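Undergrad: This structure is in structure tokens; I'll ask about it shortly.
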Amino acid sequence: MKRRAFFGSVAAVAAGAAVVGLVGCGERPQVIEYKQGKYQGKPYSEPWKGKQWNDSKQDWNVAVDTRAQNQNEYKRIK
Amino acid sequence: MARMKFLCDVSRCIECNGCVTACKNENDVPWGVNRRRVVTINDGVPGERSVSVACMHCSDAPCAAVCPVDCFVRTEDGVVLHDKDLCIGCGYCFYACPFGAPQFPQQGAFGVRGKMDKCTFCAGGPGPDNEDRVKKYGRDRLAEGKLPLCAEMCATKALLAGDGEVIANIYRERVFNRGKGAEVWGWGTAYGPPGAKSEAAPAAQGAKS
């Protein structure tokens, strides 16, 4: 009876240790998520929120990506 | 979603410091502050390499993690900005940053540390778009659909700026054309988007170094 109790407690400790150990293998998100109100500064206006882009993020993205291609001389000098 | 990043091709950088000058001039950066600088490894030794370094606009920015007044913000397009009106100039961000990006202008007769200054990816800063903001943070080129001037000014196009995926593709194409692929680090840079399997083949063939 005593032996069974002993092995039972050992098994419980081992299971607990395994659970604690596995917690260390967990994956945390790598990108910081700013909680609402954590950033204390002034609000930042996104670059596409202006007269030039009419709040169209897609237009802005296309313009910036097209401009970025100017850095690729394999495409620029063809 | 655009995720703005810098990428410096050390095989092309010729240490001309054009990026440093362009940044200082475009953003009217005060004397003693360099938002961007060129670091040379093994200077004077054959095979020396130079790299242009500034704020890398980290996805999980350690400067933001240690700031005691929470003055950092990462914008939707991936640019890390800070509010100078909130900054207390404590210098924690300088210790946390692996690139030495935060700069502190010396103010007053005894060199008292001023508000932190760093690269804004030419995105200005937080707050309303006015002359005061330009004075504090410099030009907002991103809102005009332009990229940071340091990269656009680079004579050898060693310094690339833009959406991470776009510039990774440009860099990968370069490395393929050089005939070797050992320089491409990271999954996205080395293999590209999921549909670009055929494009990745030359790197495997030419990867000798």
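Undergrad: Restricting to helices (runs of 4 or more DSSP H) lying wholly in chain A: which have 3 or more residues that are modelled with pLDDT under 90, within 31 Å of the chain's Cα centre (by Cα) and more than 24 Å from B:Val80 (Cβ to Cβ)?
TA: Where helices (runs of 4 or more DSSP H) fall fully within chain A and carry at least 3 residues being modelled with pLDDT under 90, within 31 Å of the chain's Cα centre (by Cα) and more than 24 Å from B:Val80 (Cβ to Cβ), they are A:2-23.
Undergrad: Quick check, is B:Gly32 farther than 19 Å from B:Pro148 by Cα, at pLDDT below 90 and surrounded by fewer than 17 Cβ atoms within 10 Å (Cβ to Cβ)?
TA: Criteria met by B:Gly32.
Undergrad: Could you list all residues from the stretch B:76-91 that are in a loop (DSSP other than H, G, I, E, B) and closer than 11 Å to B:Met116 by Cα?
TA: Answer for the stretch B:76-91, where residues must be in a loop (DSSP other than H, G, I, E, B) and closer than 11 Å to B:Met116 by Cα: B:Asp83, B:Lys84, B:Asp85, B:Leu86, B:Cys87, B:Ile88, B:Gly89, B:Cys90, B:Gly91.
Undergrad: Then there's this: Within the stretch B:33-75, can you find the residues that are in a loop (DSSP other than H, G, I, E, B), within 17 Å of the chain's Cα centre (by Cα) and charged (D, E, K, R)?
TA: Result: B:Arg35, B:Arg36, B:Asp60.
Undergrad: I would also like to ask the following. From the list B:Pro105, B:Pro98, pick out the single residue that is more than 30 Å from A:Gln58 (Cα to Cα) and more than 16 Å from the chain's Cα centre (by Cα).
TA: Result of the check over B:Pro105, B:Pro98: B:Pro105.
Undergrad: Next question. Please indicate, with yes or no, whether at least one residue in the stretch B:111-133 is among the small types (Gly, Ala, Ser), out of contact with any helix residue (DSSP H, G or I) (no Cβ under 8 Å at 6 or more places or on another chain), on the phi < 0 side of the Ramachandran plot and within 11 Å of chain A (Cβ to nearest Cβ).
TA: Within the stretch B:111-133, not a single residue is among the small types (Gly, Ala, Ser), out of contact with any helix residue (DSSP H, G or I) (no Cβ under 8 Å at 6 or more places or on another chain), on the phi < 0 side of the Ramachandran plot and within 11 Å of chain A (Cβ to nearest Cβ).
Undergrad: Then there's this: If I filter the stretch B:154-178 down to residues being polar (S, T, N, Q) and farther than 17 Å from B:Val51 by Cα, which single residue comes out as nearest to the other protein chains (Cβ to nearest Cβ)?
TA: In this case the residue turns out to be B:Asn177.
Undergrad: Give the stretch B:29-56 a look and list any residue that's small (Gly, Ala, Ser) and either in contact (Cβ under 8 Å) with a residue 24 or more places away in the chain or closer than 30 Å to B:Gly124 by Cα (or both), or say none.
TA: B:Gly32, B:Ser50, B:Ser52, B:Ala54
Undergrad: Every residue in the stretch B:18-28 that is surrounded by 15 or more Cβ atoms within 10 Å (Cβ to Cβ) and either at positive phi or free of Cβ contacts under 8 Å to residues at least 60 places away in the same chain (or both), please.
TA: B:Lys24
Let's see how each residue does on (1) in contact (Cβ under 8 Å) with a residue 60 or more places away in the chain; (2) within 21 Å of B:Gly32 (Cβ to Cβ); (3) of a type outside the set (Lys, Arg):
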site	(1), (2), (3)
B:Gln103	yes, yes, yes
B:Gln107	no, yes, yes
B:Gly127	no, no, yes
B:Asp132	no, no, yes
B:Gly138	yes, yes, yes
B:Cys150	yes, yes, yes
B:Leu160	yes, no, yes
B:Asp163	yes, no, yes
B:Val166	no, no, yes
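The values are calculated or read from the model by the stated rules, or taken from the named source; none is laboratory data. In this text, all values refer to a predicted model and were calculated from it rather than measured experimentally. Every residue, glycine as well, gets a Cβ built from its backbone with ideal geometry; the counts of neighbours run over all protein chains shown.
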